[in-house]
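Undergrad: Once you've had a glance at the structure underneath, I'll fire off some questions.
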Amino acid sequence: MDHDHPGADAGPGCPDALPSAARGGPTSHALSRVARLHRITAGRLLRAAGLYPGQEFVMMYLWDSGPVRQSELIRVMELDPSTVTKMLQRLEQGGHVRRSPDPADRRAVLVEATETSCALLKDVSGAWSELEQRTLAGLRPAERAELSRLLGLVEDNLCREVSAGCPTALATDPAPPEGTTTC
């Protein structure tokens, strides 16, 4: 790839030229293109596990956090409630999550990963490992580390702009809480 002209060796679906409206933000445009391609690739890899893009994030959160209220998932995922509900319906139909009334507040719904989802955990982990390999192919270890460092700085910048904070800031402890489905 010609580094002076990003996209010069672009393939199908990858634009060759920076659109005129994006000339004031070439890095932001590049990040948007990369994020789109990354999501498409992730979607293809996750399809083998029977997941739609985004559902893996719900499962990752449930595997790490244990049972949570559906309202918390909506808040953490920063998605429209109807989108989260549809995701949960599909995951529930697949036997990966269980929803039940919260004993502390019968109006609230608890969502938890099922034991059946343990097989899905292996598939999601494998898909993310493969995604990492495809994403970073051709980069030396030092370049990979530098890219991660720089993306962390970019993420920090954008997190300060987001009023609700960042979902990644809600990382859980390595030891899952009691009641968590341990796979």
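Undergrad: Note down all Cβ pairs under 7 Å where the first residue falls in the range 59-72 and is farther than 14 Å from E115 by Cα, the second is assigned to a strand (DSSP E or B) and among the β-branched types (V, I, T), and they're at least six residues apart or on different chains.
TA: Once the first residue is farther than 14 Å from E115 by Cα and sits in the range 59-72, its partners that are assigned to a strand (DSSP E or B) and among the β-branched types (V, I, T) give V68/V111; R69/V109; Q70/V109; Q70/V111.
Undergrad: A further question on this structure: Mind checking whether some residue in the range 134-144 is surrounded by 15 or more Cβ atoms within 10 Å (Cβ to Cβ) and on the phi < 0 side of the Ramachandran plot?
TA: Within the range 134-144, one or more residues are surrounded by 15 or more Cβ atoms within 10 Å (Cβ to Cβ) and on the phi < 0 side of the Ramachandran plot.
Undergrad: Is there any pair with a first residue in the range 89-100 that is among the β-branched types (V, I, T) and a second that is open to solvent by 40 Å² or more (accessible area, probe 1.4 Å) whose Cβ atoms are under 7 Å apart and which are 6 or more apart or on different chains, and what are they?
TA: Note: pairs meeting the criteria are V97/E112.
Undergrad: So, A142, is that one part of a helix (DSSP H, G or I) and under 16 Å from M60 (Cα atoms) or not?
TA: For A142, the condition - part of a helix (DSSP H, G or I) and under 16 Å from M60 (Cα atoms) - is not met.
Undergrad: Now, a different point. Out of curiosity, is R149 in a helix (DSSP H, G or I), out of contact with any His (no Cβ under 7 Å at 6 or more places or on another chain), open to solvent by 70 Å² or more (accessible area, probe 1.4 Å) and in contact (Cβ under 8 Å) with a residue 60 or more places away in the chain?
TA: It is false that R149 is in a helix (DSSP H, G or I), out of contact with any His (no Cβ under 7 Å at 6 or more places or on another chain), open to solvent by 70 Å² or more (accessible area, probe 1.4 Å) and in contact (Cβ under 8 Å) with a residue 60 or more places away in the chain.
Undergrad: Further question: Can you find even one residue in the range 61-74 that is open to solvent by 70 Å² or more (accessible area, probe 1.4 Å) and under 28 Å from A35 (Cα atoms)?
TA: Checked the range 61-74: at least one residue is open to solvent by 70 Å² or more (accessible area, probe 1.4 Å) and under 28 Å from A35 (Cα atoms).
Undergrad: Could you tell me whether R33 is in contact with a Cys (Cβ under 9 Å, 6 or more places away or on another chain) and surrounded by 12 or more Cβ atoms within 10 Å (Cβ to Cβ)?
TA: Answer is yes for this residue.
The values are calculated or read from the model by the stated rules, or taken from the named source; none is laboratory data. Because the structure is a prediction, the values reported are computed rather than measured. Ideal geometry is used to build each Cβ from the backbone, glycine not excepted, and the neighbour counts take in all protein chains shown. The accessibility values were calculated without ligands, DNA or RNA, using every heavy atom of the protein model including side chains. Shrake-Rupley method; radii C 1.70, N 1.55, O 1.52, S 1.80 Å.
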